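Remarks on the structure that follows.
The values are calculated or read from the model by the stated rules, or taken from the named source; none is laboratory data. The model shown is predicted, which means the values in this text are computed figures rather than measured ones. No Cβ is skipped: glycine too gets one built from the backbone with ideal geometry, and neighbour counts run over all protein chains shown.
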Ligand code: ADP
Ligand code: ADP
Ligand code: ZN
Ligand code: ZN
């Protein structure tokens, strides 16, 4: 190694044990190790945090004083850093105006192309922008959809007004709003809506505004009658959305339906823009094509004026193909992309940039990719490196680890039993290393041969959503089913879009954040905190409420958070330790109260595993054991849930479900964030659920999960238009023998 390595000495963030590492620059370095071993603490909390802090230091004093102070990571020394860019799996989100085309800048380039060579010429490129008045459809203001209240969602037709037929919350039985209706004299209030005459329907839904007077105990009441749709539309749709609180907006959302705008057909553009064509296609038709199709259309353009523009567009489109996103279209809203897709789109933006000498940091980029497509991802990582960048990747996937120039294995286990560098070097060396990673990379699991027998079947009939080609498929009850297929083949569409709507009883365990309050932690989430507070109260003869984060016992400076959060407009909020309680969250008085020698703050700082040794109450032990069982033994009882990764969120939700039976569970890529070692434990949990009389359906690419399924549904053969079919249904042994299945081929390969 040369003198330009990134040098880190004495790193101690979270569980790191005074770690020293050197990371070669302009190389691909992969960080691996079991979940909770300290990879993120090293890569994100130390390297990326310090790079951000050093960057802030370079700003003028004027700017710096307006940025919050990022405290130095707990480290003795960090040298030779450069600017770091983190490309994570946070969804791109964004409003309905943000699409794959706008976020990659390809749509802007396409606009330019149309403004130059489209026929008839319509002038400037603003005309093709649905985000600008010159181009947007006047009917839907460039959104492509019109929003309205859905009658089906608003009304329960099997009920009468008096029984609460109007489901919208402000129309509760006895409410002022409903009284205006029931006293209007227009309806028989005990008649089921299903029996209404057309005239009654019209009055209920569309009735014009009119004054009504009705008698009540307090005297005559004057009120305005107005049909349900105009009333709700006026109150909630035709007004400045920013005036409506988030909570109310969420409620309203549940009663809305979206339909394509009639004027522009969903294309968002006005008629002038849509009339302009290249080789017969307008810009909206181009944006609706799958990337592969669009490339062929652009390549066919023979216009010398457009040469350079076409080259630029094709380069970017090919970046999308090269990371396996060829099934997307430019008009796809970014808010509908998955975490893995979002991460790969962000990657495209950086591949097209000419910056060199940067540090690029990736968080498990293989998420959502079928083994067949991982080599494409690897190509992108190499390309970034070869442009002179340093690429740091947190990853568990064998095929990605294999391409590393350098590997740093963190472990050996999680939390206090991890936090050390257990191996550094190349892949061949890792295979010989006696670490959890080395050991798991060497072994190959056998296919499951004794599969469970389904007790029944659930049928999805003629599904046609998105790319599904009239799919009819049976999903078995009482077993573990894995749905596989390359990205974009239609797995989520089949399960989330076609199957789940007719199975509202299903329990979906996804990776979305748990707990809405910034004060939530494993102790509050599981309900253990109430019991712990009672134990403190009983042993100290004081009120249990003293030990609550929102009582007068909490530190008044940070309101019991232990941290001070500073919001930044466009960046992640910054947290600094509360200087008043030094992160202990409670007032000095409360910290005096002890339970077997420990303060409430000491207990919140215990890991689940430590708490298992400390407590003796049966109910607490059962809850702690469940957390340990799902592989969360290393988290502390007081760790804010907001610091948990997606995979950890999924497992904490799973912990709450382990004692139920007769349920249907659906999970989307539950192995995200999990090391091979953790996957075995996850499989144990899923098997426990099935053995307990539940049905489990998971969407997965991971071969170790596929091998141990009872039943596999393989989708494909490709992504997008060329997918949407069931390629295979059966057991792992049958899949390995299936000639026509891509997944089957990889299963045979991983069998060795
Ligand atoms: P990995 O990335 O390898 O999964 P992490 O670096 O996220 O592991 O976690 C290492 C340890 O530090 C774990 O015990 C984890 O619970 C703990 N930890 C991570 N972030 C925080 C935090 N913000 N506060 C307290 N503990 C944390
Ligand atoms: P998988 O889960 O197998 O990766 P998806 O079900 O996400 O595949 O996608 C299948 C097809 O449906 C793809 O062509 C994808 O672009 C399309 N698709 C998925 N979600 C949406 C959506 N919200 N809007 C439009 N098209 C979608
Ligand atoms: Zn429109
Ligand atoms: Zn405090």
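Worth pointing out:
Conditions tested, residue by residue: (1) farther than 30 Å from residue 611 by Cα; (2) under 23 Å from the mean Cα position of the chain (by Cα); (3) touching a residue at least 60 places away in the same chain (Cβ under 8 Å).
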site: 644; (1), (2), (3): no, yes, yes
site: 672; (1), (2), (3): no, yes, yes
site: 700; (1), (2), (3): yes, yes, yes
site: 713; (1), (2), (3): yes, no, yes
site: 720; (1), (2), (3): yes, yes, yes
site: 744; (1), (2), (3): yes, no, no
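- Any hit, segment 655-670, residues being part of a loop (DSSP other than H, G, I, E, B) and surrounded by 23 or more Cβ atoms within 10 Å (Cβ to Cβ): yes
- Matching residues in segment 289-327 - criterion: being closer than 23 Å to residue 97 by Cβ, at pLDDT below 95 and within 13 Å of ligand 2 (Cβ to nearest atom): 320, 325, 327
- Residue within segment 153-174 that is within 16 Å of ligand 3 (Cβ to nearest atom) and not in a loop (DSSP other than H, G, I, E, B) present: no
- Segments classed as helices (runs of 4 or more DSSP H), wholly inside segment 333-441, with at least 2 members that are touching a residue at least 12 places away in the same chain (Cβ under 8 Å) and within 17 Å of residue 676 (Cβ to Cβ): 398-401, 427-432
- Among the residues of segment 624-648, those identified as modelled with pLDDT of 85 or more and outside any loop (DSSP other than H, G, I, E, B) are 624, 625, 626, 627, 628, 629, 636, 641.
- Every listed requirement among (1) over 30 Å from the mean Cα position of the chain (by Cα); (2) outside any helix (DSSP H, G or I); (3) surrounded by 15 or more Cβ atoms within 10 Å (Cβ to Cβ) is met by residue 262 save one, (3).
- Condition check for residue 127: in contact with a helix residue (DSSP H, G or I) (Cβ under 8 Å, 6 or more places away or on another chain), in a helix (DSSP H, G or I) and closer than 15 Å to residue 277 by Cα: yes
- Some residue of segment 485-495 being touching a helix residue (DSSP H, G or I) at 6+ places or on another chain (Cβ under 9 Å), modelled with pLDDT of 95 or more, more than 21 Å from residue 366 (Cα to Cα) and surrounded by 17 or more Cβ atoms within 10 Å (Cβ to Cβ): no
- The set of residues in segment 459-473 that are part of a strand (DSSP E or B) and either within 27 Å of the chain's Cα centre (by Cα) or buried (at least 17 other Cβ atoms within 10 Å of the Cβ) (or both) comprises 460, 463, 471, 473.
- Residues in segment 272-306 that are more than 27 Å from residue 467 (Cα to Cα) and free of Cβ contacts under 8 Å to residues at least 24 places away in the same chain were compared, and the one that is farthest from ligand 3 (Cβ to nearest atom) is 304.
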